[in-house]
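The values are calculated or read from the model by the stated rules, or taken from the named source; none is laboratory data. The structure presented is a predicted model; accordingly, all values stated were derived computationally and were not measured. Surface accessibility is based on the protein's heavy atoms, side chains included, excluding ligands, DNA and RNA. Shrake-Rupley method; radii C 1.70, N 1.55, O 1.52, S 1.80 Å.
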Amino acid sequence: MFNDIGPLELVTIIVLAVLVFGPDKLPKVIQDVTRTIRKIREFSESAKQDIRSELGPEFKDFEFEDLNPKTFIRKQMNNEDLGLKEIRNGFDLKKEMAEVTDAVNSRDGQTSSSSGGRIDMTKKPEDPARDARPSFDADAT
């Protein structure tokens, strides 16, 4: 519940609680807060049990955490029935990249010999024809 509260924030909350409620009323406030949290937890657990009993025996393995989309997708991705592990294991990225590199190098033989098998990805300007003038836009001037 309070996983993201650090020690400095916890000390700050304690100091503020002492300042706001005072040292004499603070134990009573803490008891009231813990009692309220306990009642809320009991209420939510009883509501979960009521929902499970109403759904029937076919939903005995139903977990409310499965309603979270991230948890649902994670469970489905780990499911062995889909065969995703075989697809994941059958996909070899290095092999695919080697095939793409071979295809690129076969089209342009001078690239592989000049760069030692690496592809030159720098953008080089094309040489315009010597007779060609740059385009003139009368509206731009």
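Once the range 28-81 is narrowed to residues that are modelled with pLDDT under 90 and of a type in the set (Ser, Thr, Tyr), the residue that is farthest from residue 18 (Cα to Cα) is 53.
Out of the residues in the range 82-101 that are β-branched (Val, Ile, Thr) and modelled with pLDDT of 80 or more, state the one that is most open to solvent (accessible area, probe 1.4 Å). Among those that are β-branched (Val, Ile, Thr) and modelled with pLDDT of 80 or more, it is 100. Right, residue 61: on the phi < 0 side of the Ramachandran plot, of a type outside the set (A, V, I, L, M) and open to solvent by less than 70 Å² (accessible area, probe 1.4 Å) or not? No. Only a single criterion out of (1) open to solvent by 90 Å² or more (accessible area, probe 1.4 Å); (2) modelled with pLDDT of 80 or more is not satisfied by residue 105, namely (1).
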